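These notes are about the structure you will find just below.
The values are calculated or read from the model by the stated rules, or taken from the named source; none is laboratory data. Not measured: the values here are computed from a predicted model. Counting neighbours? That spans all protein chains shown, and the Cβs are built from the backbone with ideal geometry, glycine included. In case anyone asks, the SASA skips ligands and DNA or RNA and just uses the protein heavy atoms, side chains included. Shrake-Rupley method; radii C 1.70, N 1.55, O 1.52, S 1.80 Å.
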Amino acid sequence: MKYQKLFEKGYIGGVEIRNRVAMTAMGNGLATWDGEASPELIRFYEDRARGGCGLIFTEFTRVDENSGACNPNQLCIASRKHVRSVQRMAECVHRHGAKIFVQLHHGGREAPPALNGGRQPMGPSAIINQVNGLVSAEMTKAEIDEIVGKFVNGAANCKKAGIDGVELHAAHGYLLGSFISPYTNKRTDDYGGNAENCCRIVTDIIRGIRAACGNYPVCVRINGSDFVEGGITLDYAVQVARILESAGADAINVSCAVYETVPNMIEPNYYDEGWRKALAKTVKARIRIPVVAVNTIKFPATAEKLLEEGVSDFVGVSRGQMADPEWVNKTRAGREDLIRKCMGCMQCNKSVVMDGYLSCAANPVTGRGTMYNDEYLIRNGDGRRVVVIGGGPAGMQAAIVLAKRGFRVDLLEKKDYLGGMAYLATVPPHKTMVAEFIKTLTAEMKEVGVAVHMNTSADVKMVKKLEPYAVVVANGGTEIVPKVAGLEAANVHTMEEALLKKVTFSGKRVAVIGGGMVGLETAHYLCQDNQVTIVEMTATPGATMYPTVRNKLLSILKDEGVELLLNRALSAVEGDSIVMDCTDSREPRQERLTVDEVVIAAGRKPNLSLYHEMEKAFGKVVMAGDCMMGGCILEATRTGNDNVWFL
Ligand SMILES: Cc1cc2nc3c(=O)[nH]c(=O)nc-3n(C[C@H](O)[C@H](O)[C@H](O)COP(=O)(O)O)c2cc1C
Ligand code: SF4
């Protein structure tokens, strides 16, 4: 077998796990409002169990119904009413041979009052939270004992529900992590002052679980580093792991970072696979119990290599399996080309935090498996022909669904490449996973028999010749070009021309007009060889981007010497300079900037003209992707999927 280590059995606290692939906890907002495991949540885990995952850690799960919540619709295991639905969840996972641990959690200083009846967040010490500006209440000994009891009760409920073990969430700055970390624990009593004391709340819980549940497996997720001054360092994390091992923990899951350093915790695309391996490897070398670790793993070969290098005993492939529940089965079958790999785009995190429930850009079924699942596909295509116009993610996703439904699908792409705007997004640094995604969709189309016609422009006349049953218009949006003087000059280019290298320049002063996501990424590409200034008309660069990605990219651009001019709208291009209106000035005011080249990256807008033409000519026409709504890959794959589901 190609990946021997990956498919070796492993053990945690006597529980046999069929392979070394874990999916670590991911908050997803799929539980019911009162914390029960909903059919959608159960489906989410069952799909990953069916897909071959060895060990599933549930999302962070509340042990207290009155405090510590961090998401609306967060799973809870505090009371008897929760046990029944969690039991059903365990059964659904077990029937596919996977094991499941519930991650027991209390949000502590990160638990927002809005989700906790207005209650002040609590923690080891009364200190300000730099992220939300709130001061946590210092917990009394009685409160600590009460919380310890709630974790033990949560574990006992998990055992009753047939769950295979629990993981104590003592990482990421939540309640238990905030006790462990000297960054947040300033106590001088038995619960602070040294590593032993800082770990006491966790060791009390472990011992409590032992007393209540016997040899029930307990894993503890800790930080290998907080990446903040005064926080957990790797040396300290080793001490912590050893203390927890002595207290009876069965495994240590090494993660890292707190809310203040969140990009290191859930990494956007700017991190390399395995970048944090020193943390787990160092901890593993100093303890005897198994170590679990994520490492922003995208490819099976990376996972295997990390196991070979002795970085951890189990690899966490978390967003990897969020994006493709069949990650393990496809790996085993030698079909890595068909794995929809995580792009690190952070749309999942954004959707949970901002919409309240999970979505994934790579996979429109994620979080919606009770509705959009291959087994519910209406396979009534019966060989009827559907023409899909446009080979971006929306068109490709639509083509794949239609072909699976039994339609004969012809996809027409006017360019000589597939991917549409996503193809352009592969050009800036650190965007290779988007290229990988396009490759996978292309392989999937081949697998299901979509006929792809490159360099083929679609109009009513030519589509009529194909006599389609239906037409899907997914031909993309139109570039927004500001209406200003001087754009016809030879030194003015579109971002498409720049990214496709139809124009190239180096050592030039380049103004990128537009500081949205596309503008920032175009600037990132151009700044490799040029002195770049971004001109953005609003006060907020990358306004629609998720802060984790935006802040990371902005800090990279800053390091690369890119200048950011905010509240400046392009007014004219005049020879070797651009004129800008100052949008933050009450009086009309203009500024001038000397540049060699100008690249317009002002975004895109929907364009339904082809859709309307097709609508007049054919009985069944649907739209998908950028032509109907501006958006990212998430909106493209989602509309591509949904709009042809019942066609
Ligand atoms: C949407 C989302 C929610 C997460 N929620 C949790 C959580 O509840 N508990 C936890 O310990 N880690 C959580 N994480 C972190 C993951 O467990 C994992 O450490 C992280 O995604 C990096 O691993 P990966 O690159 O394999 O995805 C979350 C990550 C994501 C993307
Ligand atoms: S939304 Fe993006 S980051 Fe999240 S799992 Fe899907 S592809 Fe990965």
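Greater than 31 Å separation of Cα atoms is the criterion. Which listed pairs, LYS2/LYS350; LYS281/LYS431; LYS9/LYS277; LYS330/LYS464, meet it? Correct reply: LYS2/LYS350; LYS330/LYS464.
Given R0 = 41 Å, the distance between the Cβ atoms of HIS96 and LYS620 translates into a calculated FRET efficiency of 0.60. Rounded to the nearest 20 debye, the dipole size of the chain about its Cα centre is 1760 debye, using +1 on the Cβ of Lys and Arg and -1 on the Cβ of Asp and Glu.
Amide H of ALA171 versus every other amide H placed in the peptide plane: which residues, excluding those fewer than 5 positions away on the same chain, fall under 5 Å? Amide H to amide H, under 5 Å and 5 or more residues apart or across chains, ALA171 pairs with GLY177. Note on ASP190 and LYS558: with the Förster distance fixed at 45 Å, the Cβ-Cβ geometry gives a FRET efficiency of about 0.50.
Our helix-only sum for the chain, with -39,500 (n - 2.57) per DSSP H run of n ≥ 4 divided by its residues, gives a mean residue ellipticity at 222 nm of -9500 deg cm²/dmol. Helix 517-526 and the longest principal axis of the Cα set of the chain meet at an angle near 80°. The relative contact order of the chain, computed from alpha carbon pairs under 8 Å that lie at least 6 residues apart in sequence, is 11 percent. Cross-link partners for LYS465 among the lysines, with Cα-Cα distance under 18 Å and sequence neighbours closer than 8 places in the same chain left out: LYS414, LYS616, LYS620. The figure for CYS256 is an accessible area of roughly 0 square angstrom, using a 1.4 Å probe on the protein chains alone. Applying the Karplus relation 6.51 cos²θ - 1.76 cosθ + 1.60 with θ = phi - 60° to region 417-428 yields 3J(HN,Hα) values of 9, 9, x, x, 4, 5, 5, 5, 5, 7, 6, x Hz, where x marks Gly and Pro. Protein heavy-atom surface of the chain, 1.4 angstrom probe: 50% of the accessible area is carbon and sulfur, with nucleic acids and ligands not counted. Ordering LEU75, VAL401, GLY162 by the projection of their Cα atoms onto the charge dipole of the chain, which places +1 on the Cβ of Lys and Arg and -1 on the Cβ of Asp and Glu, puts GLY162 at the extreme positive end. Here each label is just a point 7 Å from Cα along the line to Cβ, and for HIS453 and LYS2 those points are 3.4 nm apart. In order along region 502-512, the Karplus-derived 3J(HN,Hα) couplings, from 6.51 cos²θ - 1.76 cosθ + 1.60 at θ = phi - 60°, round to 6, 10, 10, 8, 9, x, 9, 8, 10, 9, 9 Hz, and Gly and Pro are given as x. For a paramagnetic label modelled on ALA443 (point 7 Å from Cα along Cα→Cβ), amide N atoms under 12 Å away belong, within region 311-341, to 327, 330-341. Of all DSSP bridge pairs formed entirely within region 492-604, close to 40 percent run antiparallel. Taking trypsin sites (Lys or Arg not before Pro) across region 545-647, the ones in a DSSP loop with at most 12 further Cβ atoms lying within 10 angstrom of their Cβ are ARG586, ARG589. Phi angles across region 41-47 convert, under the Karplus curve 6.51 cos²θ - 1.76 cosθ + 1.60 with θ = phi - 60°, into 3J(HN,Hα) values of 5, 4, 4, 4, 6, 5, 4 Hz, Gly and Pro given as x.
For a modelled paramagnetic label at GLU467, 7 Å from Cα along Cα-to-Cβ, the residues of region 609-631 in reach, with backbone nitrogen under 17 Å, are 618-620.
One chain, two ends: MET371 and GLU587. Fully extended at 0.36 nm per residue, the span grows by 72.3 nm beyond their Cα-Cα distance. Beta bridges from DSSP with both residues in region 105-264: antiparallel share about 10 percent, rounded to the nearest 5. LEU564 sits with roughly 70 Å² accessible to a 1.4 Å probe, with DNA, RNA and ligands left out of the calculation.
Rolling a 1.4 Å probe over the protein chains gives ARG276 an accessible area of about 10 Å². Electrostatic tally near VAL452: other residues with Cβ closer than 10 Å to its Cβ, Lys and Arg +1, Asp and Glu -1, net -1. Could you pull out every one of the lysines with an alpha carbon less than 21 Å from that of LYS160, ignoring same-chain neighbours closer than 8 positions? Partners found: LYS81, LYS99, LYS150. Dipole size of region 423-465 about its Cα centre, with +1 on Lys/Arg Cβ and -1 on Asp/Glu Cβ: approximately 240 debye, rounded to the nearest 20. Under 5 Å from the amide H of VAL512 lie the amide H atoms of THR533, ILE534, VAL535, VAL599, each residue being 5 or more positions distant or on a separate chain, with H modelled from the backbone and absent for Pro and chain starts.
Note on region 318-387 and region 168-203: Cα centroid distance 38 Å, given to the nearest whole angstrom.
If you take every DSSP beta bridge whose two residues both sit in the chain, what share of them, in percent to the nearest 5, is antiparallel? The antiparallel fraction comes to roughly 20 percent.
Projecting the Cα atoms of GLY173, TYR417, PHE227 onto the dipole axis of the chain, where Lys and Arg carry +1 and Asp and Glu carry -1 at the beta carbon, places TYR417 farthest toward the positive end. Amide H contacts for ARG385 (H built 1.01 Å from N in the peptide plane; partners 5 or more residues away or on another chain; cut-off under 5 Å): ARG408, TYR469. Picking from VAL294, GLY10, ALA323, whose Cα lies most toward the positive end of the charge dipole for the chain (charges on Cβ: Lys, Arg +1; Asp, Glu -1)? After comparing all options, I get GLY10. A 1.4 Å probe run over the protein chains yields, for the chain, 38 Å² of accessible area per residue, whole-number rounding. Using only side-chain charges placed at the Cβ, +1 for Lys and Arg and -1 for Asp and Glu, the dipole size of region 305-396 relative to its Cα centre rounds to 340 debye.
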